[in-house]
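Below is one structure, written out as structure tokens, with a few remarks after it.
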Amino acid sequence: MPTRRERSRQISRTDLYEITDPSYFDSASIDTELRRVFDVCHGCRMCFNYCPSFPSLFDAIDRHEEKGEGEVAALTAKEIDEVVDLCFQCKLCYVKCPYTPPHKFAIDFPRLLFRAKLAKVRKEGVRFRERILGDPDRLGRMSTGPLATFVNWANRQPFLRALTEKTLGIHRKRLLPRFARVTFAKWLARHRQATAEAEPVVLFETCTVNYNRPEVGIAAVQVLEHNGKRIERPDLVCCGMPAMDGGDLETAKAKIAHNVAQLAPLVRRGMKVVALGPSCGMMMKSEWPQLVPTEDCRLVSAATMDIGEYLAKEKAAGRLLTDFTVPQGSVAYHVPCHLRAQNIGAPFRGIFESMPGTNVEPIEQCSAFDGTWGMKTEFYDLSRKCSGKLCKSIERCGANCVASDCLLAGINVTEETGKTPLHPIEIVRNAYGL
């Protein structure tokens, strides 16, 4: 007869991670799979020092075991909910886990916890805060342009931040991104493009670049045009990840469908879609086909590349210009979790190393920001604490410049170290002397 643990480690039905499966939102099915996966994690514990979900899980199991109440089977609904809520979907556990598919245990911890979160939101409804944070396009439209100066001023006022904390649950101490007076989309519309003969590339600049850091998008345009590319930028909206983070599945799917309708015709003409943020790139590659399982969506997903990945492939093919003229000194390069989750390594590293007078120190530590999770009152302190290893590594290496593909990850770095990371594409632009 198999033991209890052997029974709990039977091969998982991986289709239960598919949102189109009839059992996806079934609470009994979710509870069974959660306890099966938790039992495997309890026996391994390799992820004990990753996101807060794992210490919460292992501490709860140990408490029950010490009381003689059992192990995973004794976990209460409240304890399981805490594990789910503390997961900020960095995906590191999936990257490191020895039991992911095709292993018979078929563990996908982040996807399972996200499934549990979606089922809870479907039952309880999307909270007001999640609707606000889940629509960065609406926030961006309201906060850029002539209102940008006022909004940025208001976000620095203690009284107004205390009011925002009380009404929205965004921590009063959290450094918020500044809004731009001129968005990247408006800048690009005014920008004189390269000739029609240049090779076209579709740019998915991300909401953060469009509304908060347009200088990153401008640097990307400069680098791509320097390498003989012409920028296509159709009428795009948010990738849907912020809405999905809040459990607002229908809003996420609507945004994906809109973007696919804009991008598919361009992809069918042979163009690549280049994303300037690893979270958006991962969303487009991995989640879009799950949420909107159409042929056009799969086509767009397959044509999507991270900007570093795209440039690295251009370099490998001998098409990337290496006429770098300006040394960049020592660069502490934070390699974001969502970049590693795409299984493309640190593509900018090789480009940095081809620059004269430039030394690179890659740092593979989690920033624990995750877009909206690190802004929320109940998770702010944990977010700062979990980013400690990254920030200490940056300070220890003593580099004169910090870089990160993830601009939101840079907020924790700025709060802890006072240094605001550049996007790697800005360093490439600077090295070209553009």
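The values are calculated or read from the model by the stated rules, or taken from the named source; none is laboratory data. For clarity, every value in this text was computed on a predicted model and none was experimentally measured. When we count neighbours, we look across all protein chains shown, and the Cβ atoms used for this are built from the backbone with ideal geometry, even at glycine.
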Open item on the list: Looking only at residues that are within 13 Å of CYS406 (Cα to Cα) and not small (Gly, Ala, Ser) in the range 320-347, which one is nearest to the chain's Cα centre (by Cα)?
Closed with: HIS338
Open item on the list: Condition check: in contact with a Lys or Arg (Cβ under 9 Å, 6 or more places away or on another chain), assigned to a strand (DSSP E or B) and hydrophobic (A, V, I, L, M, F, W, C). Does ALA403 satisfy that?
Closed with: no
TODO: Report, by residue number, each residue of the range 357-388 that is within 20 Å of LEU339 (Cβ to Cβ) and either in contact with a His (Cβ under 6 Å, 6 or more places away or on another chain) or not assigned by TED's automatic domain parsing to the domain that holds GLN328 (or both).
DONE: ILE363
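Taking only the range 73-110 into account, find how many residues are assigned to a helix (DSSP H, G or I) and either under 30 Å from the mean Cα position of the chain (by Cα) or under 20 Å from GLY247 (Cα atoms) (or both). Spell out how you get there, then give the answer.
Restricting attention to the range 73-110, the residues satisfying the condition of being assigned to a helix (DSSP H, G or I) are 73-74, 77-86, 92-96, 109-110.
The next check asks that each one be either under 30 Å from the mean Cα position of the chain (by Cα) or under 20 Å from GLY247 (Cα atoms) (or both); those that pass are 77-86, 92-96, 109-110.
Residues flagged as assigned to a helix (DSSP H, G or I) and either under 30 Å from the mean Cα position of the chain (by Cα) or under 20 Å from GLY247 (Cα atoms) (or both) within the range 73-110 amount to 17.
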Open item on the list: On the basis of being within 25 Å of LEU382 (Cα to Cα), surrounded by fewer than 21 Cβ atoms within 10 Å (Cβ to Cβ) and of a type in the set (Asp, Glu), does ASP85 make the cut?
Closed with: yes
Task: Test result for ASP235, out of contact with any strand residue (DSSP E or B) (no Cβ under 8 Å at 6 or more places or on another chain), surrounded by fewer than 17 Cβ atoms within 10 Å (Cβ to Cβ) and among the acidic types (Asp, Glu) - done: yes
Task: Scope the range 329-365; condition farther than 15 Å from ALA312 by Cβ, surrounded by fewer than 23 Cβ atoms within 10 Å (Cβ to Cβ) and in contact (Cβ under 8 Å) with a residue 60 or more places away in the chain; matching residues - done: GLY329, SER330, ALA341, THR358
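Can you confirm whether ALA185 is part of a helix (DSSP H, G or I), out of contact with any helix residue (DSSP H, G or I) (no Cβ under 7 Å at 6 or more places or on another chain) and small (Gly, Ala, Ser)?
no
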Task: Residue count for the range 111-163, restricted to those that are of a type in the set (S, T, N, Q), part of a helix (DSSP H, G or I) and surrounded by fewer than 13 Cβ atoms within 10 Å (Cβ to Cβ) - done: 1
Task: Residue in the range 375-400 that is modelled with the lowest pLDDT, counting only those that are touching a strand residue (DSSP E or B) at 6+ places or on another chain (Cβ under 8 Å) and either under 21 Å from GLU205 (Cβ atoms) or assigned to a helix (DSSP H, G or I) (or both) - done: CYS397
Task: Criterion (within 20 Å of LEU311 (Cα to Cα) and of a type in the set (A, V, I, L, M, F, W, C)) met by exactly one of ILE394, ILE411, ILE363, ILE425 - done: ILE425
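Please determine whether any residue of the range 299-316 is assigned to a loop (DSSP other than H, G, I, E, B) and touching a residue at least 12 places away in the same chain (Cβ under 8 Å).
Within the range 299-316, the first condition is being assigned to a loop (DSSP other than H, G, I, E, B), and the residues that meet it are none.
No; the residues of the range 299-316 include none that is assigned to a loop (DSSP other than H, G, I, E, B) and touching a residue at least 12 places away in the same chain (Cβ under 8 Å).
Among LYS313, LYS255, LYS285, LYS272, which is the only one that is within 30 Å of GLY357 (Cα to Cα) and not assigned by TED's automatic domain parsing to the domain that holds PRO347? Working first, answer last.
Values: LYS255 fails: within 30 Å of GLY357 (Cα to Cα); LYS285 fails: within 30 Å of GLY357 (Cα to Cα); LYS272 fails: within 30 Å of GLY357 (Cα to Cα).
From the options LYS313, LYS255, LYS285, LYS272, the qualifying one is LYS313.
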Task: Filter result (of a type in the set (D, E, K, R), surrounded by fewer than 20 Cβ atoms within 10 Å (Cβ to Cβ) and closer than 19 Å to GLY246 by Cα) within the range 164-183 - done: GLU165, LYS166
